[in-house]
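Heads up: the structure comes next, in structure tokens.
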Amino acid sequence: MSSQNIYILGIESSCDDTSAAVLCNNVVLSNVVASQKIHEEFGGVVPELASRAHQQNIVPVVDRALKQANISKEQLHAIAFTRGPGLMGSLLVGTSFAKSLAYGLTIPLIDVNHMQAHILAHFIKEDGFQHPPFPFLAMTISGGHTQIVKVDNYFKMDVIGETIDDAVGEAYDKSGKILGLGYPAGPEIDKRAQLGNPKAYPFTKPRVEGLNFSFSGFKTAVLYFIQREVKNNPNFIEENLNDICASIQYTIIGILIDKLKLASKQTGIKHIAIGGGVSANSGIRRALKAGEQKFGWTTYVPKFEFTTDNAGMIAIVGYLKYLEGDFAAHDVMASARLKI
Ligand code: KG4
Ligand code: ZN
């Protein structure tokens, strides 16, 4: 490995967060995220509005990231950007910006897979956080993704399970919408769940073969249950909100842990890392800790800043690819359905 300091600018624009980060080797110097509030009033991300907001945000966000890092753009060694997967209109903003900046500075351009980045975020150097050893299992859980990935090394990853419909964060957000909660509803359901009885209302878990997930049936089950109960008691939601949230959370966490147990059994791997916005959830954190006792797992939860969509995770992949000399051609295209 080179003893020289390598400065990488990372750019992330796959969904509704515009983000830019500067790394010196594997250390984050700045990680600026502009979240788009506009989607809250629609109860979900509106793609057209997202790409327009990225266009407004990208220049000031990159500027702020460089200033906070105290690095001039002439000091950068490469620009890493999210090529996919994500919303096409959003990806195009980051892709074109990264291309023109790299071209203008005559430095390498590095394309990054957003799903790999969620996993490799564990390799950002941060006090108090361990890097998982290879091989490990990574479960990426957010509003856009639900995957279990077997990670053999930085660049050899196999998706061994994923959702066949909604992501787990959507199960939280859509259940929250049914209950009249704001968007995104995950944090509030989590907060209320800790005050309620998780076994008050049993919801059945979907039966999905192997390591795949399905959450669309769960959301429908919540909807029918609430409609039925509200018919009998119009105040049912208000009177029982904490118990409803606790029961929803209990079922969702049960689904995630069942699949992780199966994945660990099938692969014989006991190092388990999580990522994505839902890894903030108190229930999943507690269940992982319990897994350390019950199943001999070692679990890894990254710093929250690096687990939701952010450019720090894009820049760490950029750094690892830079060391390999793995650069993109200037005609590289954004890819909405890019696979790991
Ligand atoms: O990674 P993220 O910020 O963005 C993407 O979706 O890519 O994840 C956002 C998702 C939302 O669905 C939100 O409801 C969920 O993460 N979330 C949570 C919690 N905090 C955020 N879900 C459950 N419990 C939480 N504490
Ligand atoms: Zn993501």
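The values are calculated or read from the model by the stated rules, or taken from the named source; none is laboratory data. All values derive from a computational prediction rather than experimental measurement. All Cβ positions, even for glycine, are placed from backbone atoms using ideal geometry, and neighbour counts span all protein chains on display. To get the accessible areas, we keep the full protein, side chains included, count just its heavy atoms, and leave off ligands, DNA and RNA. Shrake-Rupley method; radii C 1.70, N 1.55, O 1.52, S 1.80 Å.
Solvent-accessible area of the range 132-301 (1.4 angstrom probe, protein heavy atoms only): carbon and sulfur portion equals 51 percent. Counting only aspartates and glutamates at least 8 places from LYS174 when in the same chain, those with an alpha carbon closer than 16 Å to its own are GLU40, GLU41, ASP165, ASP166, GLU188, ASP190.
Work out, in µm²/s and without decimals, the Stokes-Einstein translational diffusion coefficient of the range 132-301 at 20 °C, 1.002 mPa s, Rh from Kirkwood over C-alpha pairs. Translational diffusion coefficient: 131 µm²/s.
With Cα atoms defining each centre, the range 160-181 and the range 106-157 are spaced 22 Å apart in the structure. For LYS261, a cut-off of 17 angstrom between C-alpha atoms picks up these lysines, skipping any fewer than 8 places away in its own chain: LYS150, LYS205, LYS270, LYS289, LYS294.
From the gyration tensor of the Cα coordinates in the chain, what semi-axes in whole Å does the equivalent ellipsoid have, largest first, with each one equal to sqrt(5λ)?
Details: eigenvalues 260, 108, 53 Å².
Semi-axis lengths for the chain are 36, 23, 16 Å.
Against the globular-protein guess of 2.2 N^0.38 Å, express the Cα radius of gyration of the range 12-140 as a ratio, rounded to two decimals. For the range 12-140, the normalised Cα radius of gyration is 1.10.
When both the range 59-89 and the range 13-56 are represented by their alpha-carbon centers, they are found 12 Å apart. Across the cross-link table entries LYS125/LYS219; LYS99/LYS156; LYS99/LYS219; LYS37/LYS265, which are compared at the Cα atoms, the separations over 32 Å belong to LYS125/LYS219; LYS99/LYS219; LYS37/LYS265.
Would you tally the net charge around GLU48, using a Cβ to Cβ cut-off of less than 15 Å, leaving GLU48 out, and scoring K and R as +1, D and E as -1?
Summing Lys and Arg as +1 and Asp and Glu as -1 gives -1.
Mind listing P(r) for the range 20-73? All alpha-carbon pairs, 5 Å bins, whole percents. Going from the shortest bin to the longest, the percentages are 4, 20, 23, 17, 14, 11, 9, 2. The antiparallel fraction among DSSP beta bridges confined to the range 132-301 stands at about 60%. Accessible surface computed residue by residue for the range 76-170, with neighbouring protein chains in place and a 1.4 Å probe, gives 35 Å² per residue. Among DSSP beta bridges whose residues both lie in the range 29-154, state the antiparallel percentage, nearest 5. Taking every DSSP beta bridge with both residues in the range 29-154, the antiparallel ones total about 55 percent. Other residues with beta-carbon under 14 Å from the beta-carbon of TYR154 carry, at +1 per Lys or Arg and -1 per Asp or Glu, a net charge of -1. Note on the range 299-340 and the range 185-227: Cα centroid distance 31 Å, given to the nearest whole angstrom.
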